[in-house]
Structures are given as structure tokens and as C-alpha cells.
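Here the structure comes first, spelled out in C-alpha cells, and everything after it is commentary.
The values are calculated or read from the model by the stated rules, or taken from the named source; none is laboratory data. All values derive from a computational prediction rather than experimental measurement. A quick note on method: Cβ atoms are made from the backbone with ideal geometry, for glycine too, and the neighbour counts reach across all protein chains shown.
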Amino acid sequence: MQLVSAPFAKPRRGPLGPAVPGAVAGEAPAEAVELYHRTYTSLLRSSGEMRLRVLESSHRAMRSSLHPLADWAELDLGALLYALRRLPEAVTSARLIVMGQSAEVFLRHGFGPLDSTAELAAPGRRRRWYRARSGALAVLIASPSDVDDLVPTLVALQMEWNKLHRRLRTTGGLTGIAPDPAACAAVLGGELDDWQHLAELWKDDFGDWLRGVAAEEMSLRIRMLGGTAVGYARETRHWWTAVTAAMAAEGLGERPVYFVSSNTHSLVNLVTGVAARHEQELVDFIATQGPDDMRHELEQLRAGRAHSEWANFLYYAARLFYAALPPGSPHRDQRRQQEREAGVLHIGSTTALDVAAQLIVLDRLDRARFDDRLQDVDAGSLEASRAVVVNIDYPLGWAAYNILREVAEATAELRGVYVLGKAATLNADIGDVMISSMVHDEHTGTTYWLDNAFSVGDISPYLRFGSGLDNQRAVSVKGTFLQNRGYLDYYYREAYTVVEMEAGPYCNAVYEISEADRYPTGTSVNFSKLPLDFGVIHYASDTPYTQARTLGARGLSYFGMDSTYASSVAILRRILRLENALP
């Protein structure tokens, strides 16, 4: 591995970041983004509360590609949907949002103790929220990326809430407006499709939510408690302690490790056979209680008219089945027990780092349970392997660096690191799989040239619908809102086509695993001859050039399974192939 110059690949940087041409209203797009970022980070250093309203002007000036109508009176329901999916419902009635790194810091500042039984959740973002004392909402943050994600999301929510509030007041509240999508679109404006998704999000409470918007403007205040680099590292260590304790209890503490950052369903489904074991139960559930699209897909599969993978259908059916179970259902415990018997252990998290982990012990796996796409593995080599796969639910942004660094410090032998995550694409379609040979990290300004462990040939045999694209270039941005059209246009002209948040931080950690010094800044690194196997795969979930209103606002649902499982099969085959080659 060496530091190299990359005049054609590394974005030109000025004092405020990449000198992106194509200014908006006389201001370079990157400078507007950096100004916004600097504004809220400097304001959050205050020990007091800050009104969110002070950020609205810089938020508008940024012209975010996720919030293109921020500076217009017209409703931007795409941005509103995006924000609502990533925040708990309680935010809409809150007055103060307090961010902190641990439950202890909230207690010291008079907002605790936090009641873990009253934890709040959002459908589109894993983050721990609580009702705190003094009527505040408390949220645990695990890295600076949580701040970069949370603050613009809150600003977007408040701006669009207040636009809708004014529109409702102008039209006389809900007078003459039935709480249904068609009436709302006709009277209030906005796309009917967006209103339908809002109604789906709020379900029976849609009318009450609209009345709440009409009744009062939103005026949030935010406050930061702590937010230090040491605090983030401490929370990461607390998280990893639970994993190492589980490994020690199972006698796995000194075993070699393959680290995978993906999700908590695909790898375990592929190696345990639990979904296939309950096939009839899952099929009956979809046929009687499943959503319309899944019932239709089942009919198509039965008739032989569908091109999708039957196993992928079962895996998604299992996801819906277990999500629909009431609290305390014995089916969940039964599933965990069956997965444990098959060689997979689950470790939850109670820290600010809301990242679940799994231990997949290779010599405890039974090849007979494997997905058909893994059946050609050598059983003898599997039984002889001493390796453990540590699979985690992918983190957000800079938390990836903290996690991999912590794992590497505590692991005697780290044989491989594999990253599977969602990304926006500038040149592909939803569901396509993208494999990058170059990653530019906006946090450090460093560009990494990868000898990626994967190519299209590893993915395409298992990809039914999308395309596989290798030799791509990825840029790891600081936050989903922190880009605009000019910003993306610049990267696209420089042949960067994958926009995501974790690959750069992971590369920074891999550099430190390989070298004697800290990750570099503002340079280029050739990742050749690494002491471990390293692969990065992304599947396309958003298209920013269509206002990113795909997964960001709605979700890929069942049709994201194809790319997810094709990539997961490739990762497992890579690990098993490496283990087969070991003496």
C-alpha cells in the first residue's frame, strides 16, 4: 500500500471543500453545504438551547438535493416523508430535542434517568430516542454522522410542517377537506402519490395528524450534551464489550475473524435454513395476511410466471411474519434457538450505538441447511475451519470507523473485511449492484484506490433483475441532506457514481490496520497488498437526480431482496472459498 497522486480522481479542494463549479445564486454549492455544516456544529458547542429556526436560512441556501423545494412556498412532500420516516412520532409534539452520547450524560444534566422501557423508534433510522424529564426528547448519538444526519432532518421537518400549517390555515383548516389523500392533493397541493404515502405512514391517525399540523406551528429547540471524540470511542468500546463477552463465553475469543457490515437477516438466512424449515407456515401467512404485492408475487411464483428467487421470497415472508407477531410471542424465541443450534448467535445492543451483531461460527454450520446457492462448499473444510464471521447491522457514517478500529484492536487475527450497504446512484437504477474500485472520503479528503475483493462475476450469477456494475467510484458524504445538484454534478463529471456514507470511514480504519500511523487527510492511497481481504459492495436505493424520492421516502420493500441476497451470497462464498484454501 502506498500514498499516490491522483490528479484525475481526487476532487479539487478549496478552503471550504471541493471547488465545485456551477454555483447556485453566485455561491459554490460545496461552499453552501460547508457553511451550513459549520453553522450548526459551531452553534451546538453552546451549553444552552438553540432554536432550530436559526438554521433555516442556511438550510435553504444549501439547496439540498433531498429538499429541492426548501426555498419555495410549494410543499415538498418528498422531503417531509423522508424526515418523518427517520424520526419518532413524538417529535411532532416535542419542544426540545436533547442529543447526548450516553444515558449517564443525560442524568448528569438533569434529563435522566432515561427509561429504557419507553424507548421510541422511527421506521427508517436506527437510533435510540426517549422521553426525558422537563418534557424533552432525548436521543443517543453514536458518532458525528448522527448529528449530520439528525439536524438537517429536523430542520427539513420543521420547514415543511410549517409550510403545510400555513397552507391549512389559508384554506380554513380542515374545513371542506376530508382526511384522505385525493382531497388533500386537490386543496393543499402536492402529488397524490406523496399524500397516499403520508396516509399509509399515519394510518388511522392521518386525520389527527393533519389537525395537529393545522393547530400549531412547529418551533423546535435543540441542545447538545458532550459530543466528544473520546465519548464516541467510549460508547463504541461499551458496544464491543458485549460482543467479546459472548465470544469468550462460547470459547471463540482467540479465533480468526471475518468482519462483515451488512444487515441482520441475509447471512443468517443463507446458512441456517430456518425459513425453509417453516416454509408452509410462511406461505400460509402471506396468502392470508400478507400485503397485496406479496400475495400477487406468491400467485406468480406458484404459476411459474415470476422470475424472482423462491428462497428470497421466503426470507422476506419470514421478515413480515416475525414483525407481525405480538410482543412476547414464543415464535421469536423459537427462531433464535433454532438459529443458535445452526451455529449463529445474536448479540443486541443497549448503548448509543444501536447496532446488532451476530456470530456465525463456521465449524458449527451444517452444509445441509445452506441456501442452494452455497451448496457446493466443501463440508470437510467447513468443519476444519476455526474462523468466526462477526456480522453487524450496518452503522451510520463515521461510526463505521470507530467500530472497525475497535474490532481490529481486540481481534488476534482479522482475515477479511466486507462492506455491503445501500447507496445513491448517479448512473444506475434502483436495485443495481455497484462495486467500486475507488472511494473518496469527504471526512478526510482522502481518496482510496481499492483492489476490491469482488467483481461483477461474483454477483451476476445470483442477480435476477438488476445489473451488476464494477469499476465504479464512490464518494462517502457526511450526510444525506448535505449534497445539492451542483455538488453531485461535479462528482459525476469526475466519474464518481456511487454516493454513500460508510465506505470512506471503513477505508480510514483499514488504513490504520495496515499502517503505523493514523489515516491520512487530503491525499490518495493505493490499497494494494493489504494484510487482509477487503471488499465493498453497494446496491442502489436512491437516485438523487430524481429528487431521491425512492428508498429515502418509501423503501425498497420486497424488491430490494434480489440485490441484497445476490451480494450476501457473494460475500459468504468469498469467505468459504478462502477457508477452503487454508491448510
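Please tell me if ASN484 is in the same structural domain as VAL419 (by TED's automatic domain parsing), in contact with a strand residue (DSSP E or B) (Cβ under 7 Å, 6 or more places away or on another chain) and closer than 19 Å to VAL33 by Cα. In short, yes.
MET218 fulfils the conditions (1) farther than 30 Å from LYS163 by Cβ; (2) not in a helix (DSSP H, G or I) except for a single criterion, (1).
Scanning the range 277-313 for residues that are aliphatic (A, V, I, L, M) and in contact (Cβ under 8 Å) with a residue 40 or more places away in the chain yields MET294, ALA311.
Considering each residue of the range 488-503, count those that are of a type in the set (A, V, I, L, M), more than 19 Å from the chain's Cα centre (by Cα) and either more than 15 Å from SER476 (Cβ to Cβ) or at pLDDT 95 or above (or both), and give that number. Give the derivation first.
Quick first cut of the range 488-503, residues of a type in the set (A, V, I, L, M) only: 488, 495, 498-499, 501, 503.
Applying the additional criterion that residues be more than 19 Å from the chain's Cα centre (by Cα) yields 488, 495.
Now restrict to residues that are either more than 15 Å from SER476 (Cβ to Cβ) or at pLDDT 95 or above (or both): 495.
The total comes to 1.
Looking across ARG255, ARG277, one residue alone is in contact with a strand residue (DSSP E or B) (Cβ under 6 Å, 6 or more places away or on another chain) and among the basic types (Lys, Arg). It is ARG255. Considering only residues that are in contact with a helix residue (DSSP H, G or I) (Cβ under 8 Å, 6 or more places away or on another chain) and in a loop (DSSP other than H, G, I, E, B), which ones fall in the range 114-123? Listed by number, the residues that qualify are LEU114, PRO123.
Residues that are at pLDDT 95 or above and either in a strand (DSSP E or B) or aliphatic (A, V, I, L, M) (or both) within the range 504-525 comprise ALA509, VAL510, ILE513, SER524, VAL525, listed in sequence order. Note on the range 373-417: among residues that are in contact with a helix residue (DSSP H, G or I) (Cβ under 6 Å, 6 or more places away or on another chain) and charged (D, E, K, R), the one that is farthest from ARG255 (Cα to Cα) is ARG373. Is at least one residue of the range 109-121 modelled with pLDDT under 95 and surrounded by 19 or more Cβ atoms within 10 Å (Cβ to Cβ)? So far as the range 109-121 goes, yes, one or more of its residues are modelled with pLDDT under 95 and surrounded by 19 or more Cβ atoms within 10 Å (Cβ to Cβ). For the range 435-452, the criterion of being modelled with pLDDT of 95 or more and under 22 Å from ARG373 (Cβ atoms) is met by at least one residue.
Here GLY290 passes the criteria (1) buried (at least 16 other Cβ atoms within 10 Å of the Cβ); (2) of a type outside the set (S, T, N, Q); (3) at pLDDT 95 or above except the one numbered (3). Cβ-Cβ contacts under 7 Å between residues 6 or more apart (or on different chains), taken from a first residue in the range 490-513 that is of a type in the set (Asp, Glu) to a second residue that is at pLDDT 95 or above and part of a helix (DSSP H, G or I), are listed as GLU502/ALA400; GLU512/ARG405.
Test of understanding: among GLU235, GLU254, GLU200, which residue is surrounded by 19 or more Cβ atoms within 10 Å (Cβ to Cβ), acidic (Asp, Glu) and either touching a residue at least 60 places away in the same chain (Cβ under 8 Å) or assigned to a helix (DSSP H, G or I) (or both)?
Working: GLU254 fails: surrounded by 19 or more Cβ atoms within 10 Å (Cβ to Cβ); GLU200 fails: surrounded by 19 or more Cβ atoms within 10 Å (Cβ to Cβ).
Checking each option against the conditions leaves just GLU235.
Across the range 238-251, which residue is surrounded by the most Cβ atoms within 10 Å (Cβ to Cβ) among those that are in contact (Cβ under 8 Å) with a residue 60 or more places away in the chain and either closer than 22 Å to VAL419 by Cβ or hydrophobic (A, V, I, L, M, F, W, C) (or both)?
If we take residues in the range 238-251 being in contact (Cβ under 8 Å) with a residue 60 or more places away in the chain and either closer than 22 Å to VAL419 by Cβ or hydrophobic (A, V, I, L, M, F, W, C) (or both), then TRP239 is surrounded by the most Cβ atoms within 10 Å (Cβ to Cβ).
At least 1 residues being charged (D, E, K, R) is the threshold, and among the strands (runs of 3 or more DSSP E) wholly inside the range 379-450 those reaching it are 388-393, 414-425, 433-441.
Quick one: would you say ALA138 is farther than 27 Å from VAL33 by Cβ and not in a loop (DSSP other than H, G, I, E, B)?
Working: farther than 27 Å from VAL33 by Cβ: yes; not in a loop (DSSP other than H, G, I, E, B): yes.
The answer is yes for ALA138.
If you go through the range 323-361 and pick out every residue that is farther than 30 Å from ILE141 by Cβ and either in the same structural domain as PRO123 (by TED's automatic domain parsing) or out of contact with any Phe, Trp or Tyr (no Cβ under 9 Å at 6 or more places or on another chain) (or both), you end up with 14. Residues in the range 385-416 that are over 21 Å from THR444 (Cα atoms), of a type outside the set (Val, Ile, Thr) and in contact (Cβ under 8 Å) with a residue 60 or more places away in the chain: 11 in all.
Starting from residues that are acidic (Asp, Glu) and crowded, with 21+ Cβ neighbours inside 10 Å, keep the ones in the range 331-388 and report whichever is modelled with the lowest pLDDT. Out of the qualifying residues, it is ASP354. Scanning the range 301-323 for residues that are in a loop (DSSP other than H, G, I, E, B) and loosely packed, with under 12 Cβ neighbours inside 10 Å yields ALA303, GLY304, ARG305, HIS307.
Examine the range 171-178 for a residue that is assigned to a helix (DSSP H, G or I) and either among the hydroxyl-bearing types (Ser, Thr, Tyr) or not assigned by TED's automatic domain parsing to the domain that holds GLY397 (or both), and state whether such a residue exists. So that I can check it myself, show each step before the final result.
Kept after step one, since they are assigned to a helix (DSSP H, G or I), are these residues of the range 171-178: none.
No, that holds for no residue.
So, ASN471, is that one without any contact (Cβ under 8 Å) to a residue 40 or more places away in the chain and either polar (S, T, N, Q) or closer than 18 Å to TYR565 by Cβ (or both) or not? Talk me through it step by step, then tell me what you get.
Working: without any contact (Cβ under 8 Å) to a residue 40 or more places away in the chain: yes; either polar (S, T, N, Q) or closer than 18 Å to TYR565 by Cβ (or both): yes.
So ASN471 fits the description; yes.
The condition of being surrounded by fewer than 20 Cβ atoms within 10 Å (Cβ to Cβ), in contact with a Lys or Arg (Cβ under 7 Å, 6 or more places away or on another chain) and of a type outside the set (Ser, Thr, Tyr) holds for GLY445.
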